[in-house]
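> Got a structure for you, questions after.
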Amino acid sequence: MNTISIELTNDQSEARHQVEAYCQSLVDIGAAQWRVNDAGASELHMESGEAYLFGEWGVTRLK
């Protein structure tokens with residue numbers, strides 16, 4: 001079986017940590033809330049209506 005294993009670099013890991021920390025600050029002030037979808041992935045739902053999916057390779061705006 002042919003598999004490819006890619007790990008995040010330290011810079012990518014730090015950038016992801018910073019994005020997640022900022023999003024958590026939005027949750028802390030009541031502007032958003034975390035949810036776990038049916039697939040087990042994290043989503044950030046903003047009080048203004050936007051929703052973001054946090055995937056393995058990045059963040060995708062859902063609405």
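The values are calculated or read from the model by the stated rules, or taken from the named source; none is laboratory data. Since this is a predicted model, take the numbers as computed values, not measurements. So basically every Cβ, Gly included, is an ideal-geometry build from the backbone, and we count neighbours across all protein chains shown.
> Restricting attention to the range 28-38, which residues are more than 14 Å from the chain's Cα centre (by Cα), surrounded by fewer than 10 Cβ atoms within 10 Å (Cβ to Cβ) and aliphatic (A, V, I, L, M)?
Of everything in the range 28-38, just one residue is more than 14 Å from the chain's Cα centre (by Cα), surrounded by fewer than 10 Cβ atoms within 10 Å (Cβ to Cβ) and aliphatic (A, V, I, L, M), namely 29.
> Follow-up. Show the residue pairs that are 6+ apart or on different chains and have beta-carbon atoms under 6 Å apart, the first residue being within the range 1-24 and at pLDDT 90 or above, the second being among the aliphatic types (A, V, I, L, M) and surrounded by 10 or more Cβ atoms within 10 Å (Cβ to Cβ).
Close Cβ pairs satisfying both conditions: 23/44.
> Turning to a different aspect of this structure: Would you tally the residues in the range 28-45 being part of a strand (DSSP E or B) and small (Gly, Ala, Ser)?
First, pick out the residues of the range 28-45 that are part of a strand (DSSP E or B): 32-36, 42-45.
Narrowing further to those that are small (Gly, Ala, Ser): 32, 42.
Of the residues in that region, 2 qualify.
> Tell me, yes or no, whether the range 46-55 has at least one residue that is modelled with pLDDT under 95 and part of a loop (DSSP other than H, G, I, E, B).
For the range 46-55, residues modelled with pLDDT under 95 and part of a loop (DSSP other than H, G, I, E, B): present.
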